[in-house]
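> Mind having a look at this structure? Questions to follow.
What follows draws every value from the coordinates through simple rules; no lab data is involved. Only a predicted model underlies this, so the values are computations on that prediction, with no experimental measurement involved. All Cβ positions, even for glycine, are placed from backbone atoms using ideal geometry, and neighbour counts span all protein chains on display.
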Amino acid sequence: MYYNLTEAPKSFRVFLMVFSTVLSIGFFSGVMFVKHQSQFSPKEIEENMIGNDLDEEATTLKFKKPLGELLTTIHGHILSFSLIFFAVGVLIYGLPINKYLKSFLIIEPFFSVLITFGGMYLLWIGISWFKFLIIISGIFMSVTMSINYLLLLYWLIFNKIKKK
């Protein structure tokens, strides 16, 4: 199946622009929440998972996240991010861009989701170096989402409907 979003009716393209804008606002408000909670610091990310109750110099006391709460967070985020990136991938698939770039932008976020949220569990069980992979995969996920959103806006706004 092949389709080209730039050939879609204007009303549908406006709908997709509004949808992708609201979706991006939701996504990046989550990124702002992570920044608020951890300052994107490996140490803070680790403390949010395993606590800092043994650190006598800690200014804010944090305890290890209970397993049930951790699994609920991982479960909810993997499911919701999968749906988000499925929807975005369907839209990106309809853009007339390089097929290798398109494939990367559609598939990469799913790997980042698994590494980021699977990494939270691995960090929780004591594999502390995984905090760095969580940060790297989170960056990839955010950059890919940004590129996808900007590409969608560009192709939906600045490309004229081709008359047949």
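> Using Cα-Cα distances under 8 Å and only pairs 6 or more residues apart, what relative contact order does the chain have, in percent?
32
> Starting from the 7 Å offset along Cα-to-Cβ, what nm value, one decimal, do you get for the label separation of residue 83 and residue 10?
It is 3.3 nm.
> On to the next question. Spin-label point model (7 Å from Cα, Cβ direction): what's the residue 43 to residue 143 distance in nm?
2.6
> Taking 45 Å as R0, compute the FRET efficiency from the Cβ-Cβ separation of residue 159 and residue 121 and round it to 0.05.
With a Förster radius of 45 Å, E is 0.60.
> Each residue of segment 114-127 in turn: what ³J(HN,Hα) in whole Hz from Karplus with 6.51, -1.76, 1.60 and θ = phi - 60°, glycine and Pro shown as x?
Taking θ as phi minus 60°, the curve returns 5, 5, 5, 8, x, x, 4, 5, 5, 5, 4, 7, x, 8 Hz for segment 114-127.
> Order by neighbour count: 143, 31, fewest other Cβ atoms within 10 Å first, most last. Intermediate results must be reported in sequence, preceding the final value.
Numbers: 143 12, 31 15.
Listing 143, 31 from fewest to most nearby Cβ atoms yields 143, 31.
> Once the chain is represented by equal point scatterers at the alpha-carbon sites, with solvent omitted, what log10 I(q)/I(0) does the Debye formula produce at q = 0.08, 0.09, 0.13, 0.15 Å⁻¹?
The Cα Debye sum returns log10 ratios of -0.31, -0.38, -0.68, -0.84.
> OK, next. Give a quick list of GluC sites (Glu not before Pro) in segment 1-90 that DSSP marks as loop, anything other than H, G, I, E or B, with at most 12 other Cβ atoms within 10 Å.
Sparse-neighbourhood loop GluC sites (Glu not before Pro): 56, 57.
> Give me 132, 81, 27, 33 sorted ascending by neighbouring Cβ count inside 10 Å, so fewest comes first.
Ordered from fewest to most neighbouring Cβ atoms within 10 Å, 132, 81, 27, 33 come out as 33, 132, 27, 81.
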